Amino acid sequence: MSALTDLSAFSACPIIQAPMAGGGSTPRLAAAVAAAGGLGFLAAGYRTPEAMGEEVRRLRELTSRPFGVNLFLPQPPAADRSAVAAYAGQLAAEAARYGAELGDPDAGADDAYEAKVAALLADPVPMVSFTFGCPDPGVLAAFAKAGTYTVVTVTSPAEALAAQEAGADAVWVQGVEAGGHQGTHRDDPRLDGSGVDLLTLVPRVRDAVRLPIVAAGGLMRGGAIAAVLAAGADAAGLGTAFLVCPESGASPVHKKALTDPAFPRTELTRAFSGRPARGLLNRFLREHGQDAPPGYPQVHHLTSALRRAAAEAGDPHGMALWAGEGHRLARELPAGALVETLAAELRAAREAGA
């Protein structure tokens, strides 16, 4: 572990902007969160190592405050290649609908993980987090030597224990309410729908490990942040709450859908990526959710051009509208104002409960 073990060393308040791959996280967003006293994150997932490095450079121009970078761990190949091929056949009509070609399912299978690790060790950042597994102890030790604080996303006490034993500095505890991908270390279709809600999961992880905990999943108000802190967390991670901010890189269509009454609920689905992820229930999810096979990132690459074409056409029903369960509570505030509002709500909740 690195010398720093207290999350409070990174920000004035226990509010962390979650990394949101696919465009939501931007240097502007992370800098605005940091300036308001929170901790901002960049998402390196789906970025090339060069693009990741450019975002880090840009963020350093915007702020001298600490920030984090999130990496996706490589995933094993799809267990059933024929199922992925069959799903591609089913999506032919979607390709015709949007005038797009299906992507290569084998493009970027490892998300250039090793190159990104090497780049972040060569030019260290304050914090690095990992999703979809736990890095090798040697990787975590190398980051500790470089002075980088490491955080591993977990969805169970067992995953938290594995992260602690490997040498992580903290765990990012993700409840089933969270928007976007579930960060389970092993994608087992038999466990679909078995995720644990955040307020149940945090105390269980607190009892299992001695590491600092970042709690994430559907948090949209300061009162909810107070609840997870009282349950044993050291900080709160929020993603969906920041998606509608002007500094977010989410598409205008996605931002509008988050508070649109036409999209009242979310579901976990494999339809867009082959891995369970929570998004707004739209036409694509309804029509293809039951047929999508396990196979990440193969299905993600397969549907990427479709999702991009739908966004360009302004059609929310062909997009992966990632959102946590509290999405209807999103507030269209600048990121700094949102952090300040959340911090004020947190103080009020704590004072009311004192």
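All of the numbers you see were taken from the coordinates with simple rules; none came from a lab. For clarity, every value in this text was computed on a predicted model and none was experimentally measured. Counting neighbours? That spans all protein chains shown, and the Cβs are built from the backbone with ideal geometry, glycine included.
Mean residue ellipticity at 222 nm from the helices of the chain, using -39,500 (n - 2.57) per DSSP H segment of n ≥ 4 over the full residue count, to the nearest 500 deg cm²/dmol?
Numbers: 14 runs with 141 residues, N = 354.
So the calculated ellipticity at 222 nm is -11500 deg cm²/dmol.
Could you tell me the extents of the range 201-276's C-alpha atoms along the three principal axes, largest first, rounded to whole Å?
Ordered largest first, the range 201-276 gives principal extents of 41, 30, 22 Å.
Computed over the Cα atoms of the chain, what is the ratio Rg over Rh, Rh following Kirkwood?
On the way: Rg = 19.0 Å, Rh = 20.2 Å.
That ratio equals 0.94.
Sequence neighbours fewer than 8 away in the same chain don't count; with that in mind, list the lysines whose C-alpha is under 18 Å from residue 145.
Qualifying lysines at Cα under 18 Å: 116.
List the pair-distance distribution P(r) of the range 176-235, using every Cα-Cα distance, as the percent of pairs falling in each 5 Å bin from 0 up to the bin containing the longest distance, rounded to whole percents.
4, 17, 27, 24, 17, 9, 2
Which percent of Cα-Cα pairs in the range 221-326 sits in each 10 Å bin, short to long?
Bins of 10 Å from zero give 15, 41, 31, 13, 1 percent of pairs.
What's the angle, to the nearest 10 degrees (0 to 90), between helix 157-166's Cα axis and the longest principal axis of the chain?
Relative to the chain, helix 157-166 is tipped by roughly 70 degrees.
Based on Cβ point charges of +1 for Lys and Arg and -1 for Asp and Glu, what charge dipole magnitude is obtained for the range 10-157 about its Cα centre, in debye rounded to the nearest 20?
Numbers: 10 positive and 14 negative charges, 127 e Å.
Approximately 600 debye in magnitude.
Take the alpha carbon gyration tensor of the range 1-125, find the square roots of its eigenvalues, order them as a ≥ b ≥ c, and report rounded if a/c is under 1.5; if not, report prolate when a/b exceeds b/c, else oblate. Intermediate values should be presented prior to the final figure.
On the way: a/c = 2.55, a/b = 2.01, b/c = 1.27.
Here the range 1-125 falls in the prolate category.
When DSSP assigns beta bridges and you keep just the ones with both residues in the chain, what percent turn out antiparallel, to the nearest 5?
Here the antiparallel bridges make up roughly 20 percent for the chain.
For residue 255, give me every one of the aspartates and glutamates with a C-alpha distance below 16 angstrom, ignoring sequence neighbours fewer than eight places off in its own chain.
247, 312, 315, 325, 332
How would you rank 275, 221, 350, going from fewest to most other Cβ atoms within 10 Å of each one's own Cβ?
350, 221, 275
Measuring from centroid to centroid over Cα atoms, what is the spacing of the range 243-289 and the range 181-195 in Å?
Value for the Cα centre distance between the two parts: 19 Å.
In sequence order, what are the phi-derived ³J(HN,Hα) couplings for the range 34-46 according to the Karplus relation 6.51 cos²θ - 1.76 cosθ + 1.60 with θ = phi - 60°, rounded to whole Hz, with x for glycine and proline?
Here the 3J(HN,Hα) series is 4, 5, 8, x, x, 10, x, 10, 9, 10, 8, x, 6 Hz.
Cα centroids of the range 42-90 and the range 113-130: how far apart, whole angstrom?
Each part reduced to its Cα centre gives a spacing of 12 Å.
Once amide H atoms are built 1.01 Å from N in the peptide plane, which residues 5 or more positions from residue 154, or in another chain, come under 5 Å H to H?
Placed amide hydrogens put 172, 173, 174 under 5 Å from residue 154.
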